[in-house]
1. Give me the net charge for the shell around THR167: Cβ to Cβ below 14 angstrom, other residues only, Lys and Arg +1, Asp and Glu -1.
2. Between PRO415, PRO103, PRO357, where does the largest GNM mean-square fluctuation fall for the chain, given springs only between Cα atoms within less than 10 Å?
3. For the chain: lysine pairs with Cα atoms under 24 Å, gap of 8 or more or different chains, count?
4. When the dipole is taken about the Cα centre of the range 40-190, and only Lys, Arg (+1) and Asp, Glu (-1) are charged at their Cβ, what size is it in debye, to the nearest 20?
5. Compute the signed sum of charges (Lys and Arg +1, Asp and Glu -1) over the other residues within less than 13 Å, Cβ to Cβ, of TYR110.
6. Compute the long axis of helix 24-35 from its Cα atoms, compare it with the longest principal axis of the Cα atoms of the chain, and write down the angle in degrees, 0 to 90, nearest 10.
7. With N set to the residue count of the range 167-276, report its C-alpha Rg divided by 2.2 N^0.38 Å to two decimal places.
8. Which of rounded, prolate, oblate describes the range 65-142, given a ≥ b ≥ c as roots of the alpha-carbon gyration tensor eigenvalues and a/c under 1.5 marking rounded, otherwise prolate only if a/b is larger than b/c?
Amino acid sequence: MTSLKKVFQQPDKSFGGAIVRTSYLLHQCIISLFSVAFFAAATGTSFSQAIVDNLYVTDGPVYTIAFHNNTIYIGGVFTYVGPSTGGGASINISTGKPDLSFPKIAGEVYAVAPDGNGGWYIGGNFTHVGGIARSNIAHIKSDKTVDADWNPNANDDVRVLVVSSSTVYAAGGFTAIGGVTRNYLAAIDALNGNVTAWNPSANYEVNALAVSNSTIYVGGSFTTIGGTTRNKIAALDISTGNATSWNPNAGGTLPPNPSVVNTLAVSGSTVYTGGNFTSIGGQARNNIAALDISTGNATNWNPNANSYVNVLAISGSTVYACGIFNNIGGQTRKSIAALDTSTGNATSWNPSPGGRPAWVHALAVSGSIVYVGGTFISIGGARRNYIAALDASTGTATSWNPNVFGGYPAVDVQPSVFALALSGSTLY
């Protein structure tokens, strides 16, 4: 990614000399204005600029800025100017309106989990939450303040968060968290933020977690975890962190796109999994599979996706799958599909997102509504920017429309929504 500083130092014709010759104060305002426009940028780079709450943001590039009295005049290629949220927002599921009093994140949010008391644990690639220094993981309390006592301080990105009882399980690209070495996976006390002694120590990144009773199912790019060899997927004892005998052994693909498990979902006696693989559980399976929770063997369920599956969610007799595929369950389906839990066939549900790219990265299901987030600009037959609510029966978009915007074409930033979680009447 080209830095904002570099962009504004270059005498590029599209920006004009007026911008590069502005005063230091205006220069800082410009940077602040653009820095808050990135709702969730798919760049892997967090932003250190402070978020200026009283400056609005645009949904397109600004090419000229002028001051007169106490007014900032801007011009460019945009259609909307409005308040900023930073890298995360608390959205009302009835109105679609964000709560602008929530702490703003300087950077990107990849994972979110409700704390059970009206607050949220968040993970990602960020440096500050509500103006308070937080490295990639934080707790926002129910009163909308940043928890001063909960600060695990991960040294790299946090991609997955799961809350189970009094423990927050975190996974991602970090190798140190809470002041101790933890390779890609850690257990954190939900009250004080201290890292526990639980330490499976994966040899490479962990992308997926699912907790079921006394077992934690994990997926990622690792080949050893919990003290033994496990290819991309494993089951860990919740007390010891040791790998159990459960061993589906995902594989079959080669560089430059090696095997990886990106998502896990447990339902009854079945562990559903998705990623990039051609074999798992002793059977040929392309990118998606159902595994017996006792044996690790693949069941007969076989939707056969033709490319990556990155997110799974289960609701009743339906498995919702998202990724970058365009064929799954025996049907043409672009990036998102609903699969029958018995047959593996795609149902008639077909929201068909549009955009370049038109990928779906996040799912949250609540009753008759499926909330989705990603890089799309249309879905369910309607214009929707990066987030939408879909009817679970028809696949059509409801009237709910938070209208996320962000990114900046001049620095090659692709806006996206990466994470969604529900709690009561709020979607974060």
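The values are calculated or read from the model by the stated rules, or taken from the named source; none is laboratory data. Nothing here was measured: the structure is a model prediction, and the numbers come from that model. As a convention, Cβ positions derive from the backbone with ideal geometry for all residues, glycine included, and neighbour counts pool all protein chains shown. Side chains included, ligands, DNA and RNA excluded: accessible areas come from the protein's heavy atoms. Shrake-Rupley method; radii C 1.70, N 1.55, O 1.52, S 1.80 Å.
1. Working: positive: ARG182; negative: ASP115, ASP189, ASP237.
Charge balance in the 14 Å sphere: -2.
2. Comparing PRO415, PRO103, PRO357 in a Gaussian network model of the chain, the most mobile one is PRO357.
3. Numbers: LYS5/LYS13; LYS5/LYS104; LYS97/LYS141; LYS97/LYS144; LYS104/LYS141; LYS104/LYS144.
Taking the chain as the scope, the lysine pair count is 6.
4. Working: 7 positive and 11 negative charges, 21 e Å.
Its charge dipole is roughly 100 debye.
5. Details: positive: ARG159; negative: GLU108, ASP156, ASP157, GLU205.
That works out to -3.
6. Orientation of helix 24-35: about 30 degrees from the principal axis.
7. Working: Rg = 13.3 Å, N = 110, 2.2 N^0.38 = 13.1 Å.
Expressed relative to 2.2 N^0.38 Å, the Cα Rg reads 1.02.
8. Values: a/c = 2.50, a/b = 1.78, b/c = 1.40.
Prolate, since a/c reaches 1.5 and a/b exceeds b/c.
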